[in-house]
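Working notes, structure below.
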Amino acid sequence: MRIGVFCSGGDAPGMNACLRSVVRSALSAGHEVVGIRRGYQGLLDEDSYVNPDGKPLMTLRSVSGISRYGGTMLHTSRSDEFRTEAGQKKAAAILCKHGIDALIPIGGDGTFRGAVALAQHWDGRIIGCPGTIDNDLIGTDFTIGFATAVQTAVEAVDKLRDTAESHERMFLVEVMGRHSGYIALHTALAAGAEVACIPETQTDVHRILDQLKILKARGKHSIMVIVAEGDEEGGAEKLNQDLCAIGCPFPTRVVILGHLQRGGSPVTGDRILSTRLGDFAVRSILGGRTGAMAGEFRGELLLTPFPETYSAHKAVPPELVALLETMAE
Ligand code: F6P
């Protein structure tokens, strides 16, 4: 069997470890792997990985030593052309032309929506791996890259806390998560932040103001507010303006972490998750499965049909929201 693998959408630390796992699992079972560069756009452009010796199929050595690197050796993209039906038909024809029997896309909800669209025009098997820092896919406790993104954000907030304490200031730190508060909530809990503003809970500036006044009266010198970029009240800049306008009791500064959270060497948890899921995706394809995402749910490997992974909002655990409030006392 010839398996195509690619990364699509926003990169996530651990994508390389997942690629390595796909390649080594498939090759050890006697199959071939084509590395498609630049996601769906690369597929349309027939842009595939070529080894330094000019050989087109990926080998055991193509993926040597890559687990420790962030980003993706195959590059990634968001493709407008593939969003069209003409693009999807063209991609299907290219897959047939190159004798590709199965695909393993590594990405987020947009990648899986693309896989569903492609399956309308192509009868090869498709099993996806959840590669996105947002942790917004149903069917897996955590997505590849989430743990590293949180680690990066926590290290940043720890540093900001030093200067916040020295100057007795409040920092509003904006983290990624297009529609999800997972990164913000986990960062806030791990970094001991006082407030998290996330799309899953209502952000009420007057309530936050009351809380800040209480915390100041209790002798707090510094405050960390973690704001998810997807918060319904807007990002950290907007929240800062709103709080200052109603009398925030601390001098404030805003920091937007942005794409910093997408890079860096993946933490152990992401490397292990990536390795398990890449291997599971290959085994699922060889077992005849298709149309699903490989995930890890409560420690068990599990396939979830693509539409289920993105059809509903993945709720953050309410007990973590409550725990953050208790800890902020
Ligand atoms: O989906 C992953 C993500 O990093 C989101 O958290 C963020 O909103 C988005 O990608 C940013 O996308 P881009 O890299 O296109 O700016």
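The values are calculated or read from the model by the stated rules, or taken from the named source; none is laboratory data. As the structure is a computational prediction, the values presented were derived from the model and not from experiment. As a convention, Cβ positions derive from the backbone with ideal geometry for all residues, glycine included, and neighbour counts pool all protein chains shown. Ligands, DNA and RNA are excluded from the accessible area calculation, which covers all protein heavy atoms including side chains. Shrake-Rupley method; radii C 1.70, N 1.55, O 1.52, S 1.80 Å.
Structure notes:
- With all protein chains modelled, accessible area of E46 [1.4 Å, Å²]: 80
- Area accessible to solvent at K314, 1.4 Å probe radius, in Å²: 20
- Ratio of Rg to Rh over the range 123-231 (Cα coordinates, Kirkwood Rh, two decimals): 1.09
- The accessible-area ordering, largest first, of the residues R78, R83 stands as R83, R78, per a 1.4 angstrom probe.
- Solvent-accessible surface of protein heavy atoms, probed at 1.4 angstrom with all chains present, puts K216, K55 in the order K55, K216, largest first.
- Two numbers describe the Cα atoms of the chain: Rg and Dmax, which are 21.7, 70 Å.
- Sparsely packed GluC sites (Glu not before Pro) within the range 124-180, loop by DSSP, other Cβ within 10 Å at most 13: E168
- Protection proxy ranking, highest mean first, for peptides 283-296, 104-117: 104-117, 283-296, where packing is the per-residue count of other beta-carbon atoms within 10 Å, averaged.
- Computed with every protein chain present, the accessible area of T132 is close to 20 Å² [probe 1.4 Å].
- Partner lysines whose Cα lies under 28 Å from the Cα of K89, excluding those fewer than 8 positions away in the same chain, are identified as K55, K97.
- Most mobile of I246, I223, I208 in a GNM of the chain (Cα contacts under 10 Å): I246
- Burial order of peptide ranges 319-325, 200-206 (average beta-carbon count within 10 Å, highest first): 200-206, 319-325
- Proximal aspartates and glutamates to K314, defined as alpha-carbon separation beneath 17 angstrom and excluding residues fewer than eight positions away on the same chain: D109, D134, D136, D141, E200, E229, D231, E232, E296
- Anchor K216: aspartates and glutamates whose Cα lies under 17 Å away (excluding residues fewer than 8 positions away in-chain): E165, E168, E194, E325, E329
- Using C-alpha pairs under 8 Å with a sequence gap of at least 6, the mean separation divided by the residue count of the chain gives a relative contact order of 23 percent.
- Within the shell defined by Cβ-Cβ distances under 11 Å, the residues around Q151 carry a net charge of -3, with Lys and Arg each +1 and Asp and Glu each -1.
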